[in-house]
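Report on the structure given below.
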Amino acid sequence: MFQRRNLVVVGMVCAASALQALAQPTETEWGDGHLSATWDEADNWDFGVPDENLDALHTTDLSDIEVNIDTAACESLEGKGGSAVDRFMVLLGGKTLTSDGDVFGTTGQDNFVIKLQDGNSAGDPTKLVAGALKRIDLIAASSHDADFFRLDASGDVTESTTINVGNDADIDIGGFYLGGALSVGNSGDVDIVGDLKNVTVDLGALSVGIGETRTTVTIGSVGEVGGTNADWTLLGYVDVEIDDSGTGSGDFNVNASAQPTFRVEGGSTLVIDGPANNGNWIVKSNASLTVGNGTAEHFEPQELTVDG
């Protein structure tokens, strides 16, 4: 009898433990009754502060969330887009948000806005670590320029996502396509493993002085660079190389009917290891364009203007 009773008790404990495990939440949402704007306030979320095991949602309440700690983490982050003044997120200066999965805006809504305060220095940046980015706008917070910002995205940046940051940015992403825009100031370092296509690119600024640190961009194309809606402007000592040393072709393939414009000026260099075709190209006399190791048969623009 004693042994049977012990078995019953053990069985009840196991069943209770299993039910408790099943009852663990998988997501936590920013609540209507939030007490403050800070990420680390447990009462601001319906199931407590997000961590690496909880998806974080900001899809109902019209307010901002301030990431105010270095250890902010979540399994993934979903934000429902609205205007930039009623539902958004702010990464405070020098703080880091780490998402094990994707950071994305709700499907069918405007992009979700994440505003960036300036980092403190190159060694103490404002930082976002994520998988993929979808339907997100990364922009400077009010009275800031999004300087000293670091983005580590192991996945791709897609679906009209915008990255608009300032000087001394450090960006590592898988690929960038399906619309959107990439804008980086001076002294940046941008590494894109895959494609950069169908994206507007604006790099550097003419205000940079000779001898200042250059913005460097490396694109290891695995398929296509350029494409539709792909105007590029390289200003202020920007060095871009489209590298075909990996599995990709290094080609700069441009949609012939779109006729985007590619401007290379301000002491900038654009090196395309493979061939380039189509597009309208403007190259200032103090800039450099190299295509297919400089051989003419690798360059077939719709129009080439050497200006200045």
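Quick notes on this one:
- If R0 equals 30 Å, the separation of the Cβ atoms of Thr228 and Thr59 corresponds to a calculated FRET efficiency of about 0.45.
- For a modelled paramagnetic label at Ser121, 7 Å from Cα along Cα-to-Cβ, the residues of region 140-160 in reach, with backbone nitrogen under 20 Å, are 145-151.
- Amide proton proximity set for Val291, modelled H, under 5 Å, gap of 5+: Ile272
- The charge dipole of region 112-211, taken about the Cα centre with unit charges on the Cβ atoms of Lys, Arg (+1) and Asp, Glu (-1), comes to about 300 debye, rounded to the nearest 20.
- Each residue, Thr26 and Asp70, gets one label point 7 Å from its Cα in the Cβ direction; the gap between the two is 3.3 nm.
- Karplus-derived HN-Hα couplings along region 171-180 (A = 6.51, B = -1.76, C = 1.60, θ = phi - 60°), whole Hz, x at Gly and Pro: 10, 10, 9, x, x, 9, 7, 6, x, x
- Sequence-ordered 3J(HN,Hα) estimates for region 34-50 from the Karplus curve with 6.51, -1.76 and 1.60 and θ = phi - 60° stand at 4, 8, 7, 9, 8, 4, 8, 8, 4, 6, 7, 10, 6, 10, x, 4, x Hz, glycine and proline given as x.
- Distance-filtered residues of region 176-193 - backbone nitrogen under 17 Å, label point 7 angstrom along Asp145 Cα→Cβ: 183-189
- The H on the amide N of Asp118, modeled in the peptide plane, is under 5 Å from the matching H of Asp145, Ala146, Asp147, each at least 5 residues off or on a different chain.
- Here the Karplus relation 6.51 cos²θ - 1.76 cosθ + 1.60, evaluated at θ = phi - 60°, turns the backbone of region 69-78 into coupling constants of 10, 6, 9, 4, 8, 7, 6, 7, 10, 10 Hz, with x for every Gly and Pro.
- Residues whose amide H comes within less than 5 Å of that of Asp137, counting only those at least five positions distant or on another chain, are Phe112, Val113, Ile114, Thr162 (H built at 1.01 Å from N in the peptide plane).
Bear in mind these aren't lab numbers, they're just calculated from the coordinates by the rules spelled out. Predicted, not measured: the structure shown is a model, and the values here were computed from it. Virtual Cβ from ideal backbone geometry, glycine too; neighbours counted across all protein chains shown.
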